[in-house]
Amino acid sequence: MALPDEEKQRADTLLGRLCEQKAAQHEGEQVSFTYAVSGNKVTLIESRPFFVDPREWNHVKVAQFEYNPVLEVWTLYWYDRKNRRQPYPTGRNRDLLDKLISEVSKDPTGIFWE
């Protein structure tokens, strides 16, 4: 199922802003931040050149936001080192998108950013 237009626009605005902020924090480094929309899920991605071969880029899923149209709420997931999606463990994993993006940005658990 696709995201409703209003939620897609909200995701574009909020995640676009987060990607810009993260890129500014890494100015001068070869790192980029993007997101991908698939159905009702939006995945935040960090990309860097591989250490062994800098011509190849490594794309790491940082977080995923999944929209539930029935409840009109988003659920936050993180990715473990084996690239498996896990529910955000704090009990604050289901909320409005802006609050969940703020949680990822602040990263009080230390599971999203290096």
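Considering only the stretch 78-98, how many residues are among the charged types (D, E, K, R), touching a Leu at 6+ places or on another chain (Cβ under 9 Å) and free of Cβ contacts under 8 Å to residues at least 60 places away in the same chain? Residues that pass the stated criteria total 3.
Rundown of residues vs (1) surrounded by fewer than 17 Cβ atoms within 10 Å (Cβ to Cβ); (2) within 22 Å of residue 10 (Cβ to Cβ), yes/no style:
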{"residue": "52", "(1), (2)": "yes, no"}
{"residue": "57", "(1), (2)": "yes, no"}
{"residue": "63", "(1), (2)": "no, yes"}
{"residue": "79", "(1), (2)": "no, no"}
{"residue": "89", "(1), (2)": "yes, no"}
{"residue": "92", "(1), (2)": "yes, yes"}
{"residue": "101", "(1), (2)": "no, yes"}
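If the condition is being polar (S, T, N, Q) and either within 23 Å of residue 58 (Cα to Cα) or touching a residue at least 60 places away in the same chain (Cβ under 8 Å) (or both), then the stretch 1-47 contributes 21, 25, 30, 32, 34, 38, 43, 47.
On the stretch given as the stretch 33-53, residues that are of a type in the set (Asp, Glu) and under 9 Å from the mean Cα position of the chain (by Cα) total 1.
Scanning the stretch 1-22 for residues that are surrounded by 15 or more Cβ atoms within 10 Å (Cβ to Cβ) and among the small types (Gly, Ala, Ser) yields a total of 1. When restricted to residues that are of a type in the set (A, V, I, L, M, F, W, C) and buried (at least 19 other Cβ atoms within 10 Å of the Cβ), the stretch 32-48 contains 3. Residues satisfying the criterion are absent from the stretch 48-66 (criterion: of a type in the set (Gly, Ala, Ser) and over 21 Å from residue 3 (Cα atoms)).
None of the figures in this text is laboratory data; all of them are computed from the coordinates on show. As the structure is a computational prediction, the values presented were derived from the model and not from experiment. Positions of Cβ are generated from backbone atoms using ideal geometry, with glycine treated the same way; all protein chains shown enter the neighbour counts.
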